[in-house]
Amino acid sequence: MHFTFEQYVQSADYIRSRIGSFQPEVLMILGSGLGFLADELTESIQVPYEEIPHFKPSTAPGHIGQFVFGLLEGRRVAVMQGRMHYYEGYSFPEITFAVRVLRLLGAEKMIVTNAAGCIRKDWEAGSLMLITDHIKLTLDSPLRGENLPEFGVRFPDASTIYTPEYRQLARQAADTLGLDLKEGVYMFFSGPQYETPAEIRAARVLGADAAGMSTVPEAIVARHCGMKVLGFSLLTNMAAGILDQPLSEEEVLEAAAKAKDEFSALVRKCLSGM
Ligand code: HPA
């Protein structure tokens, strides 16, 4: 499944017809536990995905399918309340469609967050991690197929997908808030099954610090079209095989709920400096 440039434009035109002169600066794609930030925007306008041409609804539990446009920390933001995941059956172009549409609407910055498993044995579940880089061994890429030069080049550089200036901003924000912010490499797994203990051992050898099922496709596409990217993982659980217990969705959601105040304070602080 691939989209033409005109299809992205049609979606952007529809959204523009709903939000008028509001021009979003920052796209926020929020993972488990942070979706509530969308309710804290002022002057907000909701646009359900199902109304938007070429958009697909999100089917993941706990993810509502709509954009919320409005103001947060003095920034004009577009929050995706509900993101799409590969494990839901969507293709990478479908998962990342919104990123390009928001770029057409003028957004040049993106904050992306997720829940992830903690691969590092010397860290704890509940930690917040700044994403410094990622590993995606899944063969597919959201940029596979015809390149749309309106968005970016055929062979984009991937050496700084997560913008160094924003990483510095995040460190300063964590310092100011007195938060312990880890930094590390996020490894993408397609899911929906959690990883096996052997996969986690392999990921550790490869240099990964966290394992998750999102974020990477969106970050690749955002960087391709020239957006600056800031990414965080909430390490909701120790990854498979580290503790002698099975992983469960309940554990992930519980940890996400527990960390929500700290996590949202960090994201808001960063947003105010972007
Ligand atoms: N693995 C992959 N995705 C996740 C995990 C995990 O351990 N925890 C939360 N999302």
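Give the residue list of GluC sites (Glu not before Pro) in the range 89-163 that are DSSP loop and have at most 11 other beta-carbon atoms within 10 angstrom.
The qualifying sites are E146.
Who wins for biggest fluctuation among H54, H224, H134 in a Gaussian network model of the chain, springs between alpha carbons below 10 Å?
Maximum fluctuation in the GNM of the chain, among the listed residues, is at H54.
Relative contact order of the chain, please, whole-number percent, based on alpha carbon pairs below 8 angstrom and at least 6 residues apart.
25 percent
Please work out how many pairs of lysine residues in the chain are eight or more positions apart (or on different chains) and have Cα atoms closer than 18 angstrom.
So the count works out to 8.
According to the square roots a ≥ b ≥ c of the eigenvalues of the Cα gyration tensor, what is the shape class of the range 128-274, taking rounded for a/c under 1.5, prolate for a/b larger than b/c otherwise, and oblate for the remainder?
Note, shape of the range 128-274 comes out oblate.
Give me the net charge of S233's neighbourhood, meaning all other residues with Cβ under 10 Å from the Cβ of S233; Lys, Arg count +1, Asp, Glu -1.
With Lys, Arg at +1 and Asp, Glu at -1, the neighbours total 0.
For the range 1-148, with only Lys/Arg (+1) and Asp/Glu (-1) charged at the beta-carbon, what is the dipole magnitude about the Cα centre, in debye rounded to 20?
200 debye
Could you order the peptides 78-88, 172-182 from most to least packed, using the average number of other C-beta atoms within 10 Å per residue?
Ranked from most to least packed, the peptides come out as 78-88, 172-182.
Only Cα pairs under 8 Å and at least 6 apart count here; give the relative contact order of the range 1-148 as a rounded whole percent.
Dividing the mean separation by the residue count of the range 1-148 yields 31 percent.
GNM, the chain, Cα, under 10 Å: largest mean-square fluctuation among L27, L137, L104?
L137
With every protein chain kept in the model, how would you rank F67, F36 by accessible area, 1.4 Å probe, largest at the top?
Highest to lowest solvent-accessible surface, that is F36, F67.
What residue among F67, T4, G33 has its Cα farthest toward the positive end of the dipole of the range 3-75, where the charges are +1 on Lys, Arg and -1 on Asp, Glu, each on the Cβ?
It is T4.
Tell me the net charge near D122. Cut-off is 12 Å between Cβ atoms, D122 excluded, with +1 for each Lys or Arg and -1 for each Asp or Glu.
Value of the local net charge: +2.
Please compute the contact order of the range 1-77 in relative form: average sequence separation of alpha-carbon pairs under 8 Å and at least six residues apart, divided by the residue count, as a percent.
38 percent
How much length is gained on full extension from A257 to L243, taking 0.36 nm per residue of separation minus their Cα-Cα distance?
Between A257 and L243, full extension yields 2.9 nm more.
Compare the Cα positions of A219, T163, L253 along the charge dipole of the chain (+1 at Cβ of Lys, Arg; -1 at Cβ of Asp, Glu; about the Cα centre) and return the one farthest towards the positive end.
After comparing all options, I get T163.
Classify the chain as rounded, prolate or oblate, taking a ≥ b ≥ c as the square roots of the eigenvalues of its Cα gyration tensor: rounded when a/c is under 1.5, otherwise prolate if a/b is larger than b/c and oblate if not.
prolate
Under a plain spin-label model, where a point goes 7 Å from the Cα along Cα-to-Cβ, how far apart in nm are V205 and D13?
The two pseudo-label positions are separated by 5.3 nm.
Take each of the peptides 185-193, 153-161, average the number of other beta-carbon atoms within 10 Å over its residues, and list them starting from the highest.
185-193, 153-161
Top to bottom by accessible area (1.4 Å), largest first, where do E40, E254 land?
Sorted by accessible area, descending: E254, E40.
Distance in nm between label sites at K121 and R154, each 7 Å beyond Cα in the beta-carbon direction?
4.6 nm
Taking the Cα centre of the chain as the origin, how large is its charge dipole in debye, to the nearest 20, when only Lys and Arg (+1) and Asp and Glu (-1) carry charge on their Cβ atoms?
580 debye
Going by a ≥ b ≥ c, the root eigenvalues of the Cα gyration tensor, does the range 112-208 fall in the rounded group (a/c under 1.5), the prolate group (a/b larger than b/c) or the oblate group?
oblate
The values are calculated or read from the model by the stated rules, or taken from the named source; none is laboratory data. No experiment lies behind these values; they were computed from the predicted model shown. FYI the Cβ positions are ideal-geometry reconstructions off the backbone, even for glycines, and counts take in every protein chain you see. Calculation scope for accessible area: heavy atoms of the full protein, side chains included, ligands and nucleic acids excluded. Shrake-Rupley method; radii C 1.70, N 1.55, O 1.52, S 1.80 Å.
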